[in-house]
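Working notes, beginning with the structure itself.
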Amino acid sequence: MEAKLLVVGGKANRSEVALNLPMLFGRSPDVDMIIDHKTVSRRHCEVYELDGALAVRDDGSLNGILVDGQPVREAILKPGSKLTIGPLTFQVEYAHTGEFPALPEGGSRGGGGQETVLLGMAETQRVQLPTDDQAELRPASPVAEPAATSDGVIPPADLGDSAAEIDAADLDGFDLMLDDEFGDEGSSADVAADAGDDSSDRDSKDPEPEPSAMKDTATDDADDFLKELGLS
């Protein structure tokens with residue numbers, strides 16, 4: 001659905017906002033369109049599509065929203081409607097034919113079955129009318145995700161050096177340490193080869209002695225010890 005909001009009241013750094021529905025407006029960097037102004041709440045309101053029409057709902061903002069000058073909780077936005085958020089008033093632009101839908105029963109702010117849910121008298125006291133201050137409009141910056149490779153694997157974050165370069169540097173330093181300790185035979189390649197030889201040696205060794213043989217060996221050692229002490 002192609003739709004946009006034209007700035008027709010207040011001061012802003014841009015004249016229109018292209019809508020990518022649903023779209024959350026507010027002052028927080030977590031919203032879709034930031035309105036940087038003191039009268040705008042962190043999560044102020046959301047513009048969304050409802051059966052081919054635009055609608056808006058207050059997201060619990062401090063100063064509320066106006067549609068065609070009326071303080072509302074939630075309302076259908078018709079082409080040409082005026083939506084006021086903080087210091088800015090937008091004119092709603094999109095194509096629509098046929099009848100406009102009513103808000104769903106049991107909607108997010110109650111009062112379903114109507115095109116507009118007005119605020120009560122007590123709630124209208126919190127609505128702050130537009131000011132002459134300029135507000136900055138800017139889309140929130142999305143967090144860039146690393147692109148996946150052709151096989152669908154997302155590569156690790158770039159740490160400045162490739163994994164291969166880091167491994168090579170580490171191995172060179174490791175080889176120098178081994179050379180200092182063991183001489184020329186202490187390279188990482190030799191260590192890896194020795195590890196392979198050890199595994200093959202373990203396979204070719206004689207089987208472990210039976211428990212009875214181990215017991216006899218211990219007895220012989222004890223006898224030798226007693227002889228040395230002159231007790232046997």
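Among the residues of the range 63-79, is there at least one that is in contact (Cβ under 8 Å) with a residue 60 or more places away in the chain, of a type in the set (D, E) and either surrounded by fewer than 18 Cβ atoms within 10 Å (Cβ to Cβ) or within 18 Å of Q134 (Cα to Cα) (or both)? No, that holds for no residue.
When R14 is tested against (1) over 13 Å from A135 (Cβ atoms); (2) part of a loop (DSSP other than H, G, I, E, B); (3) of a type outside the set (V, I, T), exactly one condition is not met: (1). Taken together, the criteria place D36 among residues that are under 20 Å from D133 (Cβ atoms) and of a type outside the set (S, T, N, Q).
The numbers here are math on the coordinates, done by the rules we state, and not lab data. Quick caveat: nothing in here was measured; it's all calculated off a predicted structure. When we count neighbours, we look across all protein chains shown, and the Cβ atoms used for this are built from the backbone with ideal geometry, even at glycine.
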